[in-house]
Each structure stands twice: as structure tokens, then as C-alpha cells.
Amino acid sequence: EKGGFDHFMLKEIFEQPRSIADSMRGRVQADSGTMQLGGLRDYLDKLAASERIVIIGCGTSWHAGLVAEYIFEELARIPVEVEYASEFRYRNPIIKEGDIVIAISQSGETADTLAAIELAKSKGATIFGVCNVVGSSIARATDAGAYTHAGPEIGVASTKAFTAQVTVLTLMALAAAKRKGTISESLFRLLLAELESIPAKVEKVLQAADKIKEIAYIFTYARNFIYLGRGLNFPVALEGALKLKEISYIHAEGYPAAEMKHGPIALIDEDMPVVVIATKDSSYEKIVSNIQEVKARKGRVIAITTEGDTHLPSLVDFTIEIPKVHEVLVPLVSVIPLQLLAYDIAVMRGRNVDQPRNLAKSVTVE
Ligand code: F6R
């Protein structure tokens, strides 16, 4: 049932070209420049007209929400707030009629997310769900939504659910932007075409699995890790750190790279591995200077770079290349090497990768 893989997690990492494609199937027609989300049809006007979106989720689903914040704001120009469901529900959140709440949950059973939905509903919000399990409690509690079609995720650490969530949230943002008229026809078509190219690009990263394993080997006994990214790669840094800590039990922290100088830079020395997502996009120059700050303090840098970048390999200790991706879609590809790195380190440390200690696949307690 693991399909020849040693663990469900590895199988699920390798399934991503297919699960991303499945999450777009029947929804995206890049050739004709069209798309539709059946589960949103009756609510698309409401989404496009909303003045505010609140995204709620926990763990990896919350990270997908942070990615979606950038995409919704960039394309649909709707202000977005992303909240941990567990914090949202215990405050007295300000929700008004017309607000949209998007709840993200792989399992559809997370107790905090479900309670947050009920609270938002009681205050008059319209609830959209992004769930992976059909008929789950959260899917049933929402007014509308779009399923991720990642297939069953067995490994406790979420991998293919994350990329499926980001795919579906991108489609929601594109649909809202199109309806609102905040996206040009040419960018809309370009992003649909770029989306269709993602599975092949993910496949290409997976082919570098052996190289990633060699790097993992070198850092197997590190005690701490820092992950840095900017813009859309900031939530990817958080996700990379979460993957590492939950399955290898190595302490890891993700930061927006520019925040480093406000404290975490004090941690950098020759024993501190720093994973930097440094793809060629609008913040490239800035992240290169962040890397220089780390190198000046003898930190060891593993950089995720864009194919063909000839500058960074001379600056850092290790590079892992990913294909060129449109900036809006980069998390779908830049997260893949981080999933593999966490997996390899955990395996080398002899951890129970599919069932890490203290964790359950769905958190139905509060
Ligand atoms: C991380 C992980 C958890 C879940 C979180 C939310 O790898 O698996 O952080 O993402 O418990 O679960 P769902 O998405 O099922 O609501």
C-alpha cells in the first residue's frame, strides 16, 4: 500500500505532481483561458464583492492560508487576515455581514477550526471551506467551498494536502480577481498556463531527491535549524521548519528573512544551518543580502535557488535548484525540497516518520 516507498510520507511527497493536477482537473482550461470552481458558483459574486476575508486553519493549513493571503491581496485586491483557528475562536472577533471566512482543513475534523467556523457563522459571515475529506464535519459546516483532490493523506506530516490547498486557494483568488476585474486578461491566462506547468516542475524537483539526501546526511545531527524566506516564500519557510521539527524532533524556526536582524541573527554561528528560499523573484536582491549577513557570521547556508542561478552557488554552502516558476505560484514548487530534506533527516535519525511521537493525524481535541 506504500507503493514501493519506505513510508507513506515519501509516497505522498512523490504523489504531488498528480495531486496538484487532480486539484485542477475539470477546473482549469489553460488552452481557452477559462476556469471554474463548481462549489463556488453561487457564491462567487459574494466573494468578489467582499471587503474582507478572514482565513482560519491550524498548522500546515494555516501556512497555506498565509500563502493565500499574498495571492488574494495581489490578484483580487481584497484585504485578508490569516488567523489560527484556536486564537480566533477564543477572542471576540470582529465579523460583519458580508465578511468571508475561508476555513482550510485537510481532515475536515480539526476541533478548533470547526468551533471557529461556528463562531463566525453566528456573527453572520459566509463560510467557504477548503477540505480534503469529502463529507467531513468542516465540509458540512461550510456554505460553499472547493475540495482539494489530494487523495487520502496517511503520513501525519502534511505534504500533498498543503500543495493541493495552495492550488485550490490560487484558483479561488483567480476566480475572484476575474469576477472583480482586478486581473488583466493576459495575466489571468498566463497564470492558468503556469498552473498547468506546475506538476511537471514538481516532478523535476523530485528527480533531485538523491542530491537532497546527500545534503540531509551532512546535517543529520544538527540541533537547530533556521528557515528564511521573503514574500510568498515566508510561509514556505514556516512550513519547512514545521516539517523538520515534527518528524525529526530537531528544533527549527522559520522567519521572514528581513526579521533576522531584529533578533534571530544572534543565533547564527558555524553550527547553525540556515535554509534560505532564494528564488529569482522580486525579493531576490534582498534575500541575497540576507544570505551575506548569515555567511558573515559563519552560518551554513542551504539555498533553494532558481535553475540557472550562477551567483548563489559561490556564496552559499549548498544549493538545491528548482525550475523557474511565476512568483505567485512559487510555493507550490519551493516547498518540495523542504519536505524531502525534513523526511531524509528524520529517516537518518531513525525517527518514526509516518507517526511522530505526540502527534495525531486529526486533532479532534481542543
Ligand atoms: C503538520 C500537520 C498539522 C495539521 C493541522 C491541521 O504537518 O499535519 O499541523 O496541518 O493539525 O490539520 P487539518 O488540516 O486536518 O485541519
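One decimal place: the segment LEU359-ALA266 gains 30.4 nm when fully extended, by the rule 0.36 nm per residue minus the C-alpha distance. Helical content of the chain, expressed as a calculated mean residue ellipticity at 222 nm, amounts to -13000 deg cm²/dmol (DSSP H runs of 4 or more residues, -39,500 (n - 2.57) each, divided by residue number, nearest 500).
A prolate overall shape is assigned to region 118-273, the ratio a/c of its alpha-carbon gyration tensor axes (a ≥ b ≥ c) being 1.5 or greater and a/b exceeding b/c. Think of the chain as a dipole: +1 on every Lys or Arg Cβ, -1 on every Asp or Glu Cβ, centred on the Cα centre; then among LEU195, HIS326, ALA144, ALA144 lies furthest on the positive end. Under the classification rounded if a/c is under 1.5, otherwise prolate if a/b is larger than b/c and oblate if not, where does region 47-99 fall, given a ≥ b ≥ c as square roots of the Cα gyration tensor eigenvalues? Verdict is oblate for region 47-99. With K and R counted +1 and D and E -1, the other residues having a Cβ less than 14 Å from that of ALA116 yield a net charge of -4. Pairs exceeding 18 Å between alpha-carbon atoms, taken from LYS11/LYS213; LYS211/LYS280; LYS261/LYS295; LYS180/LYS324: LYS211/LYS280; LYS180/LYS324. In the elastic network of the chain, a GNM with C-alpha springs shorter than 10 Å, the most mobile of ASP42, ASP271, ASP354 is ASP42.
For region 285-356, the alpha carbon convex hull comes to 120 Å³ per residue, rounded to a whole number.
From largest to smallest, the equivalent ellipsoid semi-axes obtained for the chain from the alpha-carbon gyration tensor read 32, 23, 20 Å.
Shape analysis of region 69-196 places it in the oblate category; the axes a ≥ b ≥ c from the Cα gyration tensor give an a/c of at least 1.5, with a/b not above b/c. Assuming charge only on the beta carbon of Lys and Arg (+1) and of Asp and Glu (-1), the dipole of the chain about its Cα centre is about 120 debye to the nearest 20.
Sorted largest first, the spans of the alpha carbon positions of region 1-77 along the three principal axes are 48, 34, 21 Å.
Report, in order of residue number, the helices in the chain meeting two criteria: a C-alpha extent of 20 Å or more along the helix axis, and a mean Kyte-Doolittle hydropathy of at least -0.5; treat each whole DSSP H run as one helix. Show your work: numbers first, answer last.
Working: long enough: 160-180 (30 Å, 0.64); 185-206 (32 Å, 0.57); 233-248 (22 Å, 0.34); 331-348 (26 Å, 1.67).
Qualifying helices, which must be both long enough and hydrophobic enough, are 160-180, 185-206, 233-248, 331-348.
So which lysines can LYS178 reach, going by Cα to Cα under 21 Å and dropping same-chain residues fewer than 8 places off? Here the lysines satisfying the reach criterion relative to LYS178 are LYS46.
Stretched out straight at 0.36 nm per residue, the stretch from MET348 to LYS213 would grow longer than its current Cα-Cα span by 47.7 nm. Extent along the principal axes, Cα only, for region 215-257: 30, 19, 12 Å, with the longest axis given first.
With the simple spin-label model, which puts each label point 7 Å out from Cα in the Cβ direction, the GLU366 to HIS326 separation comes to 4.3 nm. Placing +1 on the Cβ of every Lys and Arg and -1 on the Cβ of every Asp and Glu, with nothing else charged, gives region 146-225 a dipole about its Cα centre of roughly 200 debye.
Bear in mind these aren't lab numbers, they're just calculated from the coordinates by the rules spelled out. Quantities reported herein were computed from a predicted structural model and do not represent experimental measurements. Cβ: placed from backbone, ideal geometry, glycine included. Neighbour counts: every protein chain shown.
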